[in-house]
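Every read-out reported here was derived from the displayed coordinates using simple, explicitly stated rules and does not represent laboratory data. Predicted model, so just to flag it, every value in this text is computed and none were measured. So basically every Cβ, Gly included, is an ideal-geometry build from the backbone, and we count neighbours across all protein chains shown.
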Amino acid sequence: MRTIAYFLIWFITNSIVAQVLITSEDILIMNDSIKLPGTLSYDATLKSQPLAIFVHGSGNVDRNGNQITVNIKGNYIKQLADSLNQLGIAFYRFDKRTATKENLKYLKDDMRFDYFVDDVKLAINTFKDDQRFSSITLIGHSQGSLVAMLASDEGVDKYISIAGIAEDMDTFIINSYKQVSEAMSNLAREQIEELKTTGKIENIDPSLAHLFSKPNQPFFLSWMKYIPSEEIKKLEIPILILNGTKDLQVFEDQAEKLHKANPKSKLVLINNMNHVLKHIDKDEDNVKSYFSPDYPLSEELIKIIDFFIKQ
């Protein structure tokens, strides 16, 4: 079900152009030895404004939404920050712990899903008593949907999931490989069952080595213990669930399952938005938009988030 009508009142264009003065601050948050450098941006003309904290998806994602190792440079997180800043919403975005070179020596032998949650909680604690901000909204994208969900306790006023999955990660992986072949799906199931039963995969199939390399196994094991559709039931704050109809990585049914798990949430499926939040008219531009900052964000996404945070 596509709940678009709820937001239509916010789409009326205001003829008065407000004066804004966007200010940015570089902020370094430390989680023990882990460095989490980030950027806080806000309209300095406002005495008080809501704050959005962005929680990134999987991969070595920096504060702008880029990944140097795989040449992804869509700049979508920075574009979202700039857009919301112009509407009077402050924005904090930081480099994921896996994106900062100085952190790699600490992550090589010790990587757990819960560490991402700890990082976000430190960001929340940094701003929750800051008088410049009237509220805090977590925006969790893809993998970050679950991370933000788990971090949404004291100090968080609202929660937004963008392209978040509803299933536990092992089920999601197995079902995703079904789109490739039944044999690959069964192979993934076997390897995952071994991991969950023994705590490790002794003989990793080469076709799955990119997922289940030995350093990755403890991380996946810690991730698989969570079922997002169960965790979202625990949230008592306002919830907005978003997914794009052009998303090649997370399909719309995942958003619908999250909404069904917590019916008090608001669900919007955004037409022509892809996984990196870009508006896509031509299918051939979908993957291209991951590698170029020239594709615009979905305007509908910006309006919906603005309305939800300010209501």
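Where Lys and Arg each count +1 and Asp and Glu each count -1, what net charge lies around residue 174 among other residues with Cβ under 13 Å from its Cβ?
After counting each charged neighbour, the total is -3.
Compare 148, 183, 81 in a GNM of the chain, Cα atoms joined below 10 Å, and give the one with the largest fluctuation.
Of 148, 183, 81, the Gaussian network model singles out 183 as fluctuating most.
Work through the residues other than residue 22 whose Cβ is under 13 Å from its Cβ and net out their charges, Lys, Arg +1 and Asp, Glu -1.
Around residue 22, the surrounding residues sum to -2.
Pull up all non-local amide H partners of residue 311: gap of 5 or more, or a different chain, and H-to-H distance under 5 Å with H placed in the peptide plane.
Residues meeting the criterion, in which the H sits 1.01 Å from N, do not exist here.
Listed highest first by mean packing, meaning other Cβ atoms within 10 Å per residue, what order do 229-239, 160-170, 99-109 come in?
Output ranking for 229-239, 160-170, 99-109: 160-170, 229-239, 99-109.
Where the centre of each part is set by its Cα atoms, how far does segment 47-62 sit from segment 225-281, in angstrom?
So the two Cα centres are separated by 17 Å.
Let me understand segment 135-271 better: what is its radius of gyration from the alpha carbons, and its Dmax, in angstrom?
16.0, 49
Taking the square root of 5 times each eigenvalue of the Cα gyration tensor, what semi-axes in Å does the equivalent ellipsoid of segment 170-225 have, largest first?
17, 12, 10
From the phi of every residue in segment 65-70, what ³J(HN,Hα) in whole Hz does the Karplus formula 6.51 cos²θ - 1.76 cosθ + 1.60 yield, where θ is phi - 60° and glycine or proline is x?
Couplings: x, 10, 9, 4, 4, 10 Hz.
Just to be sure I understand the model, the point goes 7 Å from the Cα along the line to the Cβ. What's the resulting residue 210 to residue 128 distance in nm?
Placing both labels 7 Å beyond Cα along the Cβ direction yields 3.9 nm.
Can you give the helix-only mean residue ellipticity at 222 nm for the chain, where every DSSP H stretch with n ≥ 4 adds -39500 (n - 2.57) and the sum goes over all residues, rounded to the nearest 500 deg cm²/dmol?
Mean residue ellipticity at 222 nm (helix-derived): -9500 deg cm²/dmol.
Expressed in nm², what is the orientationally averaged projection area of the convex hull enclosing the Cα positions of segment 74-195?
10.0 nm²
Among the listed pairs 78/278; 105/128; 278/303; 78/260; 101/121; 108/196, which have their C-alpha atoms separated by more than 24 angstrom in this model?
Table pairs above 24 Å Cα-Cα are 105/128; 78/260.
If you take every residue apart from residue 87 with its C-beta less than 11 Å away from the C-beta of residue 87, what net charge results, scoring Lys and Arg +1 and Asp and Glu -1?
With Lys, Arg at +1 and Asp, Glu at -1, the neighbours total -1.
Quick one: which of 40-46, 52-58, 248-254 comes out on top by average Cβ neighbours within 10 Å, and what's the full order, highest first?
Ranked from most to least packed, the peptides come out as 52-58, 40-46, 248-254.
Would you kindly state how much longer the chain becomes between residue 27 and residue 135 on full extension, computed as 0.36 nm times their sequence separation minus their alpha carbon distance, in nm to one decimal?
Full extension of this stretch gives 37.0 nm more.
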